[in-house]
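The values are calculated or read from the model by the stated rules, or taken from the named source; none is laboratory data. It should be emphasised that the depicted structure is a prediction, and the values quoted were computed from it without experimental measurement. FYI the Cβ positions are ideal-geometry reconstructions off the backbone, even for glycines, and counts take in every protein chain you see. Side chains included, ligands, DNA and RNA excluded: accessible areas come from the protein's heavy atoms. Shrake-Rupley method; radii C 1.70, N 1.55, O 1.52, S 1.80 Å.
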Amino acid sequence: MKKSISNRTFPTTAAAACLAAALILSTGHAPLADTTFEDGYKAYEQTDFAKALKIWLPLANSNNAHAQYNLGVMYDLGRGVAQDKKKAMAWWLKAAKQDLPMALHNLASNYLFGVKDENQQKKALAWMSRAAELGLSRSQYSLGKMYLHAHGVEKDEVLARKWIEMAAKQGFDKAQYNMGKLSRDGVAGPVDKEAAAQWFLKAAKQGYAKAQNHIGKRYANGDGIEKNEAEALFWVTLAAKQNIKSAENNRKVLVKKLPLDEVNRIMTRVYSWKPEKK
Amino acid sequence: MKRILRFIPSALAGFALIVIVSSAKANEQEAAAFISNLANQALQTLGDVSIPLEAREEKLRVLLQDGFAMKFIGRYVLGKYWKKMTAAQQEEYQKLFAEWTLRTYSSRLGGYKNQKFTVVKVIDNGKKDIFVKTRINQPGGGDPIDCDWRIRKVNGKYKIVDIGIAGISMLLTQKREFASLLNRNGINGLIEMLRVRNSKFTAMSS
């Protein structure tokens, strides 16, 4: 009985042994015993990429989507391994087949715009769409922008607004800024200056420079929000600090209009300001 | 006396040669120090494990930006398309291009655990640019990472103007890729591509 069991299990054991041997040969090291995915992440954070690789590779080979995704990142960036975009894509593809949103997003990001082949473009669009459906705000935003500017897909302002709004509602600053522009211009919806100002303000509070300049201008002109030149100066100064050229011009105009003590008070606020974290 | 007079021009030529050679030597030392300083910044910033790696890398990108002639590189790779952009597009493009360049190439300065960064050779052939060849030896005997930094003095400060990987210029590679993309997707397409590429996620924790 024992013999028959060992005979039946031999091929599996042999395959496992071969796999382990291949692993040792490919990394130059034996896999680490008693380690977890999280141990791999700790090593990665400490930039000990060789150790992270040793921990994640066996997991990835046993179809752990998170380990497959992280190996993709390592090959994409050349961390602990020679940079190899094809290997990165191959690992991300394995994880994407298991519906891992970040793998779908990265896979699509490397393909979109980068290939002439229409079939590959369609695949990239499908990956980005799936990541967006799974709730990833960066993917929702990217997809929205693609529909808005007809990049790799037919222009569709309704879909563009739908995806950008979903990302904005999740707190994604660039999407909030874009919702500000869509509301301002009445794209796939009514012109709504109040809504535009509120979206710009949300993104500005997160530190998004262009939104800070936009809300500053709106405060200065009372456009969709109650006129307040002190608030205007506060926001355009923050934008100017991030090298937005027109913000610097707006700042100069406002500084001349406001009393010196008010300007000083605002500068104190500017230097102690920290962006909200989402 | 005649002999002495005959000797003077060749002596002056010799002196001029020594001045040129020593000036080239000084430039080479300065250039090596410039690149080594960037590598040290990488080492110090990435070595501070009290903050997450993604935040450390972002901090490093901000620090390194000043070491690159980013506006020049950004304009050069666009070629004739630069003048076709609006001022807002130029501003947006330069910001995204700088981030993307630093995301792609900053790891060539090393700074990760047990990596050893060395300046292998500096070549100053007396023209506008100096080439600094560097190598990173990987822990565990992985393939070394080689890089050629083409640097130039801009307003008295050294700046990186091109990066060579395996003898291939980043400037020329990008110019070709961007030209093809601009033909297919236009200026907004290029901006979107950079935005999407910069939006890639890094390693996940669980």
In whole Hz, what ³J(HN,Hα) sequence does segment A:149-164 give by Karplus (6.51, -1.76, 1.60; θ = phi - 60°), x for Gly and Pro? 9, 6, 9, x, 7, 6, 4, 8, 5, 5, 5, 4, 5, 4, 6, 5
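In Å² (nearest 100), what accessible area is buried between B and A, both sides summed, heavy protein atoms only, 1.4 Å probe?
3600 Å²
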Over 30 Å (Cα to Cα) - which of A:K217/B:K153; A:K277/B:K153; A:K169/A:K256; A:K210/A:K256; A:K155/B:K59 fall in this group: A:K217/B:K153; A:K277/B:K153; A:K169/A:K256; A:K155/B:K59
Give the separation of the Cα centroids, segment A:44-63 to segment B:79-112, in Å. 31 Å
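Of A:M89, A:M128, which has the most accessible area with a 1.4 Å probe, and how do the rest follow in descending order? Write down the numbers at each step before the final one.
Numbers: A:M89 30, A:M128 0 Å².
Accessible-area ranking of A:M89, A:M128, largest first: A:M89, A:M128.
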What accessible area per residue, rounded to a whole number of Å², is obtained for segment B:161-206 using a probe radius of 1.4 Å? 37 Å²
If I build a Gaussian network model for chain A, linking alpha-carbon pairs within less than 10 angstrom, which residue out of A:L254, A:L104, A:L143 has the largest mean-square fluctuation? A:L254
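Taking a ≥ b ≥ c as the square roots of the Cα gyration tensor eigenvalues, with a/c under 1.5 meaning rounded and otherwise prolate when a/b beats b/c, else oblate, which class fits segment B:2-198?
oblate
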Residue with peak Gaussian network fluctuation, chain B [Cα springs, cutoff 10 Å], from B:S180, B:S50, B:S106: B:S50
Go through segment A:223-234 residue by residue and turn each phi into a ³J(HN,Hα) via Karplus (6.51, -1.76, 1.60, θ = phi - 60°); whole Hz please, and just put x for glycine and proline. 9, x, 8, 4, 4, 7, 5, 5, 5, 4, 5, 4
Taking each residue of A:76-85 in turn, how many C-beta atoms of other protein chains fall within 10 Å of its C-beta, and what is the average? 4
Per DSSP H run of n ≥ 4, the term is -39500 (n - 2.57); total these for chain B, divide by its residue number, and report the mean residue ellipticity at 222 nm rounded to 500 deg cm²/dmol. -19500 deg cm²/dmol
In the protein assembly as shown, what percent of the accessible surface is made up of carbon and sulfur (1.4 Å probe, ligands and nucleic acids excluded)? 55 percent
Once you charge only the Cβ atoms, +1 for Lys and Arg and -1 for Asp and Glu, what is the size of the charge dipole of segment B:68-134 about its Cα centre, to the nearest 20 debye? 200 debye
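Do any chymotrypsin sites (Phe, Trp or Tyr not before Pro) in segment A:117-174 lie in a loop, going by DSSP, with at most 15 other beta-carbon atoms within 10 Å of their beta carbon, and if so which?
none
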Convert each backbone phi in segment A:57-69 into a coupling constant with the Karplus relation 6.51 cos²θ - 1.76 cosθ + 1.60 (shift: θ = phi - 60°), then list the ³J(HN,Hα) values in order as whole Hz, x for Gly and Pro. 4, x, 5, 5, 5, 9, 6, 6, 4, 5, 5, 4, 4
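Using only the heavy atoms of the protein chains and a 1.4 Å probe, how would A:E154, A:E231, A:E38 rank by accessible area, largest first?
Most to least solvent-accessible, the answer reads A:E154, A:E38, A:E231.
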Taking chain A and counting helices only, DSSP H stretches of n ≥ 4 at -39,500 (n - 2.57) each over all residues, the nearest-500 ellipticity at 222 nm comes to -23500 deg cm²/dmol
